[in-house]
Amino acid sequence: MFLRNRIFDAFMLLWALSFVGRLGRHAVWLRPSEVRETSRRWARGVLWGLRVFLGVSQSVRGSENRPSGPRLIVANHQSWWETVAFALLEPDVAIVAKRSLAGIPIFGWFMRRYGHILIDREMTVGSVRQIIVEAKRALAEGRSVLIFPEGARRPIGAPFVMKRSIYLIYKELGVSVAPAVHNSGALFRLRWGVQARGRVTVEYLPALPPGLGKSAFIAQLSAVMAEGMTRLGQRPGDDCAER
């Protein structure tokens, strides 16, 4: 796997550089919709490379649970894989991500021009307000919003623990919530690299309607996330909670 990871790293570098060559000096004039389409092509190439060089594939189930129209997608966070995969699963999605990603060469340019919501990692009051304002803008454009309410990557098997701000965001946006779970942590390291071959499964869970009270929202979201993670073999038990 060490050798396969190094080959994949080389592929990722060449794949990124190929986009620099394609875009060239015209990149600054690309519209956001064109940037998103280019990003989807990049993401498809990354998933292809994972399958060919590292033996990592993916499957999706529960798609019938996704509500129609723009929605708030809530997912667990275990690796970098899900930020790439959801760009294809949810076209034009606005991902709430840490601002430091914008400093990565090439990748950061796409993050900024794509229309993602880049915030400080600490999730301050100002960050929550920013999420609400920019998420409302994305929803008005017909785009869904993806948030990882745990705030950081957590190893597989760890309880799903939500930030308190997730309810405020849900309340202010007034849209359905599409919970989703995956088991990327079984194959990926927390930071970078793949530790085993296999298949990552994404499962969409029963949606939550808008307008729930805080207690009902936290209880229902915790329950469906715990059940979904258990089905994927993560056994988080009943430890899902708010913090």
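Per-structure values
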read-out: Kirkwood hydrodynamic radius of the chain, from inverse mean 1/r over distinct Cα pairs, in Å; value: 18.5 Å
read-out: Ascending count of other beta-carbon atoms within 10 Å, so fewest first, for His182, His77, His116; value: His77, His116, His182
read-out: Chain lengthening between Arg189 and Ala152 when straightened (0.36 nm per residue, less Cα-Cα); value: 12.0 nm
read-out: Sequence of Met229, Met111, Met12, Met1 once ranked by neighbouring C-beta atoms within 10 Å, starting from the fewest; value: Met1, Met12, Met111, Met229
read-out: Table column - 3J(HN,Hα) (Hz), the range 211-225, Karplus curve with 6.51, -1.76, 1.60, x for Gly and Pro; value: x, 6, x, 4, 4, 5, 4, 4, 5, 5, 5, 4, 5, 5, 5
read-out: Extension reserve of the Arg231-Val52 stretch, reckoned as 0.36 nm per residue once the Cα distance is removed; value: 61.7 nm
read-out: Length gained when the stretch Asn65-Phe2 is fully extended (0.36 nm per residue, less Cα-Cα span); value: 18.9 nm
read-out: FRET efficiency estimate (nearest 0.05) - Cβ-Cβ, Leu168 to Leu14, R0 41 angstrom; value: 0.45
read-out: Fewest-first sequence of Trp15, Trp48 by Cβ atoms within 10 Å of each Cβ; value: Trp48, Trp15
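Every number in this text was worked out from the coordinates using simple rules, so none of it is lab data. Remember, it's a predicted structure, so these values are computed and weren't measured experimentally. So basically every Cβ, Gly included, is an ideal-geometry build from the backbone, and we count neighbours across all protein chains shown.
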